[in-house]
Amino acid sequence: MSNSGLSTGAWLAFAQLAGPVLLAMLVIGLGTGVLQTATQIREASIPFVLKLGGVALLTIAAGHFMVSGIEDYAAALFTAIPGLLHG
């Protein structure tokens, strides 16, 4: 595996790990913001608690999928180390 392949694999593993969490927080934050604006409730703890619960549920439901990308990348990285050291 080349250096560019390792770099691409790192970005894909990062996206697989962080992407679902960021997307869930974006959707929850946007929905909460719209509801708070419509009801004129200005409480900062409401979006925080909803985001915390949403990320916890997402981690329980899709944690295995998110971590599998890191596992695959780590295995490929350890396999590629001898080739990277010896050119």
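So here's what we get for this one:
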quantity	calculated
Breaking point among (1) among the hydroxyl-bearing types (Ser, Thr, Tyr); (2) surrounded by fewer than 11 Cβ atoms within 10 Å (Cβ to Cβ); (3) under 12 Å from the mean Cα position of the chain (by Cα), for THR59	(2)
Pick from segment 40-87, criterion small (Gly, Ala, Ser) and assigned to a loop (DSSP other than H, G, I, E, B), ranking: nearest to SER7 (Cα to Cα)	GLY87
Residue in segment 48-67 that is among the polar types (S, T, N, Q) and closer than 18 Å to THR8 by Cβ present	no
Verdict on LEU17 being surrounded by 11 or more Cβ atoms within 10 Å (Cβ to Cβ), closer than 30 Å to LEU84 by Cα and either among the aromatic types (Phe, Trp, Tyr) or touching a residue at least 60 places away in the same chain (Cβ under 8 Å) (or both)	no
Subset of segment 1-14 [outside any helix (DSSP H, G or I) and either touching a Leu at 6+ places or on another chain (Cβ under 7 Å) or surrounded by 13 or more Cβ atoms within 10 Å (Cβ to Cβ) (or both)]	MET1
Test: residue in segment 24-39 that is at pLDDT below 90, surrounded by fewer than 13 Cβ atoms within 10 Å (Cβ to Cβ), at negative phi and not polar (S, T, N, Q)	no
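The values are calculated or read from the model by the stated rules, or taken from the named source; none is laboratory data. This structure is a prediction, so every number in the text was calculated from the model and none was measured. Quick reminder, even Gly has a Cβ in these numbers, built from the backbone with ideal geometry, and neighbours come from all protein chains shown.
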